[in-house]
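The values are calculated or read from the model by the stated rules, or taken from the named source; none is laboratory data. Small disclaimer: the values here were computed from a predicted structure and weren't measured. Reconstructed Cβ throughout: ideal geometry from the backbone, glycine too, with neighbour counts over all protein chains shown. Heads up: the accessible areas ignore ligands, DNA and RNA and are worked out on the full protein's heavy atoms, side chains in. Shrake-Rupley method; radii C 1.70, N 1.55, O 1.52, S 1.80 Å.
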Amino acid sequence: MEMKNTDAIKEGLLPVVPLRGMTILPRMTIHFDLSREKSIAAVEQAMLEGQRVFLATQKAIEENDPGFDQVYHIGTIALVRQITRMPGHLIRVMVEGLARGELLYLTEKEQYLEGSVREIGEPLSLQGTPREKAMVEELKDLFSGYAGYYPKIGEALSRYMYEAHELGSFLDQMTINMPLSFEDKQRVLSAVDLEERYEAMADILSNEIEVAGIRTELTGKLKERVDRHQREYMLREQLQLIREELGEEDSFSDAAQYEADLKKLKAGKEIKEKIRKEISRFRNLPQSSSESAVERGYIETLLELPWDKRSRDNTDIVRAEAVLEEDHYGLKQVKERVLETLAVRCMSKQGEAPVICLVGPPGTGKTSIARSVAKAMKKEYVRICLGGVRDEAEIRGHRKTYVGAMPGRIIKALKQAGVKNPLMLLDEIDKVSSDYKGDTSSALLEVLDGEQNERFRDHYVEIPVDLSEVLFIATANSTETIPRPLLDRMELIEVTSYTANEKFHIAKEHLVEKQMKKNGLDRGQLSISDGALKKMIEAYTREAGVRELERKLGRICRKAVKEILQSRESAERHETELPVKITDSNLEKYLGREKYSTNKANEKDEVGIVRGLAWTSVGGDTLQVEVNRMPGRGELELTGQMGDVMKESALIGLSYVRSVSREYKIAQDMFKKNDFHLHIPEGAVPKDGPSAGITMAAALLSAITMIPVKADLAMTGEITLRGRVLPVGGLKEKILAAKTAGISTVLVPGKNRKDVDEISDEIKDGLAIYFVDTMEEVLSYALVRESAGIREKGGAV
């Protein structure tokens with residue numbers, strides 16, 4: 001072979017590809033994948049410039065964007081032979097190592113790394129000398145010792161062993177073919193001098209031989225232990241045979257019981273055959289072994305599952321409707337959807353079980369309506385709480401090979417129900433999370449997909465389980481934390497906040513009786529007037545649902561029980577027991593002072609004060625936006641713990657006011673000589689969202705022009721720079737809050753007309769609702785002034 005002289009050094013610019021966890025040597029042909037943009041660009045650049053690229057190994061694998069100091073400076077100049085594009089923005093590259101090279105410096109181009117590389121030829125100082133021959137023979141001896149432990153590697157290098165005369169080539173081939181770490185390979189690559197390279201390789205080989213010797217010794221000890229265990233197994237088998245001869249065969253009696261249960265089991269042939277094999281396997285296992293206990297638990301789980309056992313659903317739609325109406329007030333959408341499903345099943349004798357997700361604030365009856373649906377349809381009811389679940393195995397189960405393995409919650413719920421068509425409530429589905437053990441939401445995708453769940457595979461059960469007949473109802477407080485693919489598999493039904501009238505009916509028809517029964521009171525012992533219930537709703541609770549209201553009723557019942565017991569002696573003397581009567585006048589005695597006061601509308605029109613409408617997790621609320629004008633330098637100060645979106649809305653509102661300053665005859669220096677302070681009271685409560693945009697703009701214009709704003713008016717809507725009014729959400733809660741506060745006029749974005757139409761007349765009664773599309777229309781309704789220049793647009797409901 002003709003060798004290059006080390007004095008013949010070439011230097012030039014080459015694209016550089018940093019390698020993670022691998023080292024490529026000269027004379028080496030290899031495939032590898034690239035995913036980093038710069039590396040892909042460097043290879044593509046190399047294909048345009050002679051196909052040569054410089055491959056340098058990173059010092060730290062985790063480094064994503066290595067620089068000159070983060071790579072080894074001795075690398076390999078390689079020829080790019082082939083590029084194959086792979087899915088997922090990957091390319092697979094085949095390269096051939098040509099020669100060592102030294103990276104002198106590194107330049108970061110726009111798309112790739114480029115380096116000044118000096119080619120390093122093989123040194124000729126030892127070529128043909130006795131010293132080179134001695135080194136080669138010594139390496140062969142060392143490698144023979146290594147090949148004794150790894151015969152396959154020895155066979156792969158046998159050809160090079162006999163033909164090797166050149167030290168440098170032999171060292172590189174050994175490094176290429178041996179399973180070494182990339183650090184060891186880099187150590188050989190970096191050794192430019194042959195003697196230094198020989199010493200590095202000899203040190204690596206000696207270390208590998210020592211490690212292999214220790215491994216062989218450990219393997220021998222392990223084999224001895226396995227042989228001993230095998231002997232113990234044979235002895236136990238003989239002992240088992242003796243026990244059978246003596247009639248001590250508990251496991252055999254268990255197996256007979258399992259076979260008897262199998263005959264009674266309603267299941268398909270495949271499932272029964274699988275269980276039969278497991279019983280046969282259990283019969284042959286030693287009773288004292290841990291595997292016997294695992295097999296016993298597995299067989300019992302399979303026998304307890306309702307494979308083909310189902311309950312008969314209710315087909316009386318009238319009775320189902322009566323049950324739903326009796327148990328819950330309101331919730332029309334949920335009731336209609338359940339009755340539709342029941343009607344379809346009555347007509348077609350089948351029909352897919354829907355996957356319904358009830359979304360709404362806490363305490364609005366989402367969980368309890370699911371129980372009522374099961375009662376109405378005569379289905380078995382099982383509840384799975386998903387709050388805080390973050391392990392995929394909670395849904396799919398553990399593989400039975402693990403110690404303490406058990407099926408997932410879905411299979412456990414089926415066992416609990418005892419039938420294959422129960423109603424399964426997935427409570428708090430928005431509270432599931434994920435960690436290094438897997439994504440719970442992804443595991444739920446198969447469960448809730450009607451096209452896939454007829455063959456749901458639990459890791460523990462291993463046999464496909466049919467979930468297609470299960471009626472799934474999920475509950476959530478918000479859809480924001482539910483992944484989009486999971487949300488797409490469910491039919492969303494929004495359970496909105498209750499109105500004061502709905503709360504009154506729920507309390508009167510359901511909660512009072514429930515709490516009296518819970519606290520041991522009869523109907524004649526306690527009476528709560530309608531006025532007391534209404535006052536309790538308005539002055540003692542502020543929530544979207546009725547949980548706090550139920551707690552207040554429970555408190556009254558407890559106090560009533562105490563009063564009855566204390567007055568029982570005197571009642572016996574008078575021969576009658578006086579009932580406890582709760583009215584709005586004595587309610588304070590039982591619940592203390594009023595906790596909440598309604599933020600009523602202002603009594604008179606004021607400058608710079610506008611009433612806005614807000615949505616909260618516990619219902620709607622009104623908020624006042626106050627603006628003060630003062631001498632200054634044109635700065636806008638915002639207070640009241642506003643979020644970033646709300647602050648941006650305030651800035652947009654000010655920009656709009658400045659843009660229409662001529663129409664309202666505002667002095668040109670108004671915004672240079674004055675500061676504006678915009679504040680939203682209740683500063684301890686965080687506020688955010690764009691829906692207060694038109695409110696803040698109206699308040700700013702009022703403060704600047706000194707034109708008052710109507711006191712009995714409230715508004716909601718997002719504003720744009722050009723004064724357009726965009727739609728917002730939570731209209732039902734906001735309008736309800738306006739009515740509670742005594743507001744008579746509400747301004748709503750025109751594009752929200754369809755949302756307002758869906759709101760019940762009970763809420764809208766007594767309110768003048770105007771639809772607005774521009775700030776000009778907003779100001780025409782809001783400002784108190786007589787001006788022919790402002791036209792009233794939009795429409796009222």
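Points worth noting:
- Qualifying residue in segment 342-350 (condition: on the phi > 0 side of the Ramachandran plot, without any contact (Cβ under 8 Å) to a residue 60 or more places away in the chain, assigned to a loop (DSSP other than H, G, I, E, B) and touching a Lys or Arg at 6+ places or on another chain (Cβ under 6 Å)): no
Yes or no, residue by residue, for (1) out of contact with any helix residue (DSSP H, G or I) (no Cβ under 9 Å at 6 or more places or on another chain); (2) modelled with pLDDT under 90:
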residue	(1), (2)
T740	no, yes
K754	yes, no
S760	no, yes
I769	no, no
D773	no, no
A788	yes, yes
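- Just one of the listed residues (R337, R276, R283) is of a type outside the set (D, E) and modelled with pLDDT of 85 or more, and it is R276.
- Within segment 499-516, the residues that satisfy the criterion of being closer than 14 Å to E538 by Cβ and in contact with a helix residue (DSSP H, G or I) (Cβ under 7 Å, 6 or more places away or on another chain) are T499, A500, N501, K503, F504, A507.
- Residue that is modelled with the highest pLDDT, among those in segment 651-677 that are open to solvent by 50 Å² or more (accessible area, probe 1.4 Å) and farther than 21 Å from E776 by Cα: H677
- Considering (1) out of contact with any Gly (no Cβ under 9 Å at 6 or more places or on another chain); (2) not in a loop (DSSP other than H, G, I, E, B), the lone condition that Q515 does not fulfil carries the number (1).
- Tally of residues being of a type in the set (V, I, T), open to solvent by 80 Å² or more (accessible area, probe 1.4 Å) and in contact with a Ser or Thr (Cβ under 9 Å, 6 or more places away or on another chain) across segment 290-332: 0
- Residue list for segment 16-33, filter: touching a Lys or Arg at 6+ places or on another chain (Cβ under 6 Å) and within 15 Å of L103 (Cβ to Cβ): T23
- Selected residue (criterion: modelled with the highest pLDDT) from residues of segment 92-142 that are in a loop (DSSP other than H, G, I, E, B) and among the aliphatic types (A, V, I, L, M): L124
- Scanning segment 260-272 for residues that are of a type in the set (D, E, K, R), part of a helix (DSSP H, G or I) and within 12 Å of L302 (Cα to Cα) yields a count of 2.
- Selection within segment 82-95: residues that are in contact with a His (Cβ under 9 Å, 6 or more places away or on another chain) and open to solvent by 30 Å² or more (accessible area, probe 1.4 Å). The member of this set that is nearest to A191 (Cα to Cα) is M94.
- Number of residues in segment 393-431 that are in contact with a Ser or Thr (Cβ under 6 Å, 6 or more places away or on another chain) and more than 25 Å from D308 (Cβ to Cβ) equals 2.
- Among the candidates S434, S442, S372, S368, residue that is among the polar types (S, T, N, Q), over 21 Å from K309 (Cα atoms) and crowded, with 20+ Cβ neighbours inside 10 Å: S372
Conditions tested, residue by residue: (1) of a type in the set (A, V, I, L, M); (2) outside any helix (DSSP H, G or I); (3) within 19 Å of P485 (Cβ to Cβ).
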residue: G387; (1), (2), (3): no, yes, no
residue: V403; (1), (2), (3): yes, yes, no
residue: P407; (1), (2), (3): no, yes, no
residue: I410; (1), (2), (3): yes, no, yes
residue: L444; (1), (2), (3): yes, no, yes
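- Unique residue being in a loop (DSSP other than H, G, I, E, B), at pLDDT 85 or above and not aliphatic (A, V, I, L, M) when the list is E451, E462: E462
- Given (1) surrounded by 13 or more Cβ atoms within 10 Å (Cβ to Cβ); (2) over 16 Å from R100 (Cα atoms); (3) hydrophobic (A, V, I, L, M, F, W, C), index of the condition F54 fails: (2)
- Within segment 490-506, being of a type outside the set (A, V, I, L, M, F, W, C) and either under 29 Å from the mean Cα position of the chain (by Cα) or part of a loop (DSSP other than H, G, I, E, B) (or both) holds for E491, E494, T496, S497, Y498, T499.
Yes or no, residue by residue, for (1) surrounded by 21 or more Cβ atoms within 10 Å (Cβ to Cβ); (2) farther than 27 Å from Y498 by Cα; (3) without any contact (Cβ under 8 Å) to a residue 24 or more places away in the chain:
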site: D605; (1), (2), (3): no, yes, no
site: G608; (1), (2), (3): yes, yes, no
site: R611; (1), (2), (3): yes, no, no
site: V625; (1), (2), (3): yes, no, no
site: R629; (1), (2), (3): no, yes, no
site: E635; (1), (2), (3): no, yes, no
site: G640; (1), (2), (3): no, yes, no
site: D644; (1), (2), (3): no, yes, no
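- Pick from segment 96-144, criterion small (G, A, S) and open to solvent by less than 30 Å² (accessible area, probe 1.4 Å), ranking: nearest to R81 (Cα to Cα): G97
Conditions (1) open to solvent by less than 60 Å² (accessible area, probe 1.4 Å); (2) closer than 27 Å to L342 by Cα; (3) small (G, A, S), marked per residue:
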{"site": "R399", "(1), (2), (3)": "no, no, no"}
{"site": "M406", "(1), (2), (3)": "no, no, no"}
{"site": "I411", "(1), (2), (3)": "yes, yes, no"}
{"site": "I463", "(1), (2), (3)": "yes, no, no"}
{"site": "E469", "(1), (2), (3)": "yes, yes, no"}
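- Candidates in segment 167-207 are the residues that are in contact with a strand residue (DSSP E or B) (Cβ under 8 Å, 6 or more places away or on another chain) and of a type in the set (A, V, I, L, M, F, W, C); of these, the one that is least open to solvent (accessible area, probe 1.4 Å) is L189.
- Among the residues of segment 716-738, those identified as in a loop (DSSP other than H, G, I, E, B) and modelled with pLDDT under 90 are G729, G730.
- Residue under evaluation D193, criteria (1) among the acidic types (D, E); (2) more than 25 Å from G75 (Cα to Cα); (3) in contact (Cβ under 8 Å) with a residue 24 or more places away in the chain, criterion not met: (2)
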